[in-house]
Amino acid sequence: MINVIIADHQVIFRAGIAKVLAVEEDIRIVGQPQSAEQLLNALQKLRARVLILSSGFLSLLTEIQGIAASRGVSLLMLVENTETASDFMRMGVQGVIYRCASGNVVVDAVRRLSRGEPFLQSPNRTDDEVSEDLVGARVRDRLSDKELRIVASVVQGFKNREIALQLYTSEQMVKNSLRNIFDKIGVSDRLELALFTIHHRILAQATASVPGGPPQRRNGRSVDTRARAATPPPTTIN
């Protein structure tokens with residue numbers, strides 16, 4: 001049995017990976033830490049073979065590598081689509097996958113690392129998947145820029161109230177937009193939306209590159225990195 005720890009700040013994405021791996025008979029999720037303290041504690045106390053580690057924990061990498069090496073744990077780094085996978089391999093991790101990797105890629109990477117083999121998601125493989133992602137392309141074309149921003153924020157784990165603040169709109173308008181997005185894509189809830197986006201690379205790339213881009217989290221709080229006026233424009237809702 002391959003025991004796996006999943007360490008990612010994004011709750012929805014962490015749940016998505018767990019859902020993908022849980023159906024595999026030879027893989028077992030033994031921990032899903034969210035904070036740095038929980039991660040180090042899990043790594044020291046749980047008998048894991050593979051740690052899936054978000055690049056959001058990069059500041060702890062040296063300490064994590066020290067503990068992992070002493071306990072025979074291989075590190076599978078989960079990186080953003082805008083990051084370069086090979087850069088992380090140079091840091092000494094055993095494997096790297098992109099955040100929008102398909103479920104099959106995640107499972108393959110975990111199994112390879114459990115056997116002591118390295119795994120680097122190939123940029124060429126990414127291009128092939130993009131060219132074949134007709135479903136993702138069709139969905140992308142049906143969504144407006146505003147809807148793409150909402151999808152990106154949902155994948156990152158933001159709540160409706162936070163998304164409303166980012167878009168200078170009301171929480172009810174966000175709820176209405178989400179219902180429209182669910183109908184357009186054919187999903188029933190936020191988790192299904194996040195998984196659909198993650199598994200369709202063209203759609204995932206579209207949400208990451210939409211004008212304004214999704215905001216980032218720092219220390220558990222949302223930070224909008226866009227340039228903004230001193231006073232946001234008023235929003236009128238009839």
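The values are calculated or read from the model by the stated rules, or taken from the named source; none is laboratory data. For clarity, every value in this text was computed on a predicted model and none was experimentally measured. Here Cβ is always computed from backbone atoms with ideal geometry, including for glycine, and neighbour counts include all displayed protein chains.
Is it the case that Q166 is part of a helix (DSSP H, G or I) and modelled with pLDDT under 95? Quick ask: steps written out before the conclusion?
Working: part of a helix (DSSP H, G or I): yes; modelled with pLDDT under 95: yes.
Here the answer is yes, as Q166 does meet what is asked.
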### Task
For residues that are at pLDDT 90 or above and over 15 Å from the mean Cα position of the chain (by Cα), tally how many sit in segment 72-117.
20
#### Entry: In segment 144-158, the residues that are surrounded by fewer than 18 Cβ atoms within 10 Å (Cβ to Cβ), without any contact (Cβ under 8 Å) to a residue 40 or more places away in the chain and assigned to a helix (DSSP H, G or I)
K146
### Message
Out of everything in segment 183-217 that is surrounded by fewer than 16 Cβ atoms within 10 Å (Cβ to Cβ) and assigned to a helix (DSSP H, G or I), what residue ends up being modelled with the lowest pLDDT?
### Response
S209
### Query
Does A22 satisfy the condition of being among the aliphatic types (A, V, I, L, M), modelled with pLDDT under 95 and touching a Leu at 6+ places or on another chain (Cβ under 6 Å)?
no
### Message
Every residue in segment 159-182 that is buried (at least 16 other Cβ atoms within 10 Å of the Cβ), more than 18 Å from D141 (Cβ to Cβ), touching an Asp or Glu at 6+ places or on another chain (Cβ under 9 Å) and not aliphatic (A, V, I, L, M), please.
### Response
N160, Q166
